[in-house]
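Chemist: Handing you a structure now.
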Amino acid sequence: MTEAMMREAATPEAMTASVRRESPPSMIERMTLILDAFNGPTARLTLEDVARRTRLPRSTAHRILDQLVRQRWLAHHSFGYGLGQRALGLGGQDGGHGKIREAAAPLLHELQITTGLIAHLAVLDGAEVFYLDKLGGRLAASVPSRVGGRAPAHCTALGKAMLAWLEPEQVDALLGENISRFTSRTIGELGTLHQELHRIRQRRGLAFERGESFPGIACVAAAIRSAEGPVAGISLVGDVRTPLENVAPLVVTAARETAQILFPGSAPGTGRPRGRRVAPRHGDESSWSPETMNRLLAVDGRGDWM
């Protein structure tokens, strides 16, 4: 380095610029880095994931994560961090969504790990489903849904699974006279939709969708129900080649167990208090045989979900 260059590097302006370049990001910048790490399709990140994505020291990331959890920007579960009430636009009034997410979180995690498919949790909000959770790792990028996002209820398995347990008049009031088509397979008439909802009830609440919302995507879902009706829905998503009939009993079981966590003492799968008269059951969903599944799917008659 020449003497002139050394003199220039020693000026107050140069030294200030050097300090500015080397100084760590501010707290707000670090919090933003961490929140931005959750912008992708993966709804759950471990501490190591966050530190790697943000390039922050592990101790720093852990300290800021704790602060974000306390302020409800993030939620902390046993297997990772996820977006919290504030990040989902729910503020302090989450309508019970926080309890639903907490109850379903371990079951969603188990579903995703067991099947390798993408697991969703959503609630019905008017004529749309509102996604509370999404687990799927790298595969999640192939499905255009996101935590805090919405989709039309009538063309998603999640939406149909919840609509099936409403009164027909409620469905009409929510959807209106005209329902839009998004693909050639979308149900575009209320009468046809009511027929589909009837078939879902006949299938013990199993709802299927293949290419109705997006071409090439298939989904199976079941509603989480209370005594008053559906409170949320759980689904598994894959491509159109996915044999959804093989994983359908797992979805129903996850929905039923979530309902039991949310409504202790209720009859399995219904959210109804034990002792209340309910429709006869035709065997335990967890022990469905291939023959049972074939009979359930045969009630459709048309096999549209295929």
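The values are calculated or read from the model by the stated rules, or taken from the named source; none is laboratory data. The structure presented is a predicted model; accordingly, all values stated were derived computationally and were not measured. All Cβ positions, glycine included, derive from the backbone under ideal geometry; neighbour counts span all protein chains shown. Just the protein is used for accessible areas: all its heavy atoms, side chains included, with ligands, DNA and RNA removed. Shrake-Rupley method; radii C 1.70, N 1.55, O 1.52, S 1.80 Å.
Chemist: Using a 1.4 angstrom probe on the protein heavy atoms only, could you order H194, H154 from most to least accessible area?
Modeler: Solvent-accessible surface, decreasing: H194, H154.
Chemist: For the stretch 144-214, report the translational diffusion coefficient in µm²/s to the nearest whole number, using Stokes-Einstein at 20 °C, 1.002 mPa s, and a Kirkwood Rh over Cα pairs.
Modeler: Translational D for this selection: 174 µm²/s.
Chemist: Set the Förster radius R0 to 22 Å, insert the Cβ-Cβ distance between D66 and R150 as r into 1/(1 + (r/R0)^6), and round the FRET efficiency to 0.05.
Modeler: With R0 = 22 Å, the Cβ-Cβ based efficiency is 0.15.
Chemist: May I ask you to give the solvent-accessible area per residue for the stretch 138-271, in square angstrom, as obtained with a 1.4 angstrom probe?
Modeler: 41
Chemist: At 1.4 Å probe size, with no ligands or nucleic acids counted, give the accessible surface of T54 in Å², nearest ten.
Modeler: 20
Chemist: Once R0 is set to 41 Å, what does the formula 1/(1 + (r/R0)^6) return for the Cβ-Cβ distance between A173 and K99, expressed as a FRET efficiency to the nearest 0.05?
Modeler: For R0 = 41 Å, the calculated efficiency reads 0.95.
Chemist: Something else about it: Round to the nearest 10 and report in Å² the accessible area of I113, as given by a 1.4 Å probe over the protein chains' heavy atoms.
Modeler: 110
Chemist: For the stretch 143-263, report the % of Cα-Cα distances exceeding 21 Å.
Modeler: 35
Chemist: Given Cα pairs under 8 Å that are at least 6 residues apart, what percent is the relative contact order of the stretch 130-170?
Modeler: It rounds to 34 percent for the stretch 130-170.
Chemist: What accessible surface, in Å², does a 1.4 Å probe find on K160, ignoring ligands, DNA and RNA and rounding to the nearest 10?
Modeler: Rounded to the nearest 10, that gives 0 Å².
Chemist: A further question on this structure: How would E48, E245, E177 rank on accessible area, largest to smallest, probe 1.4 Å?
Modeler: E177, E48, E245
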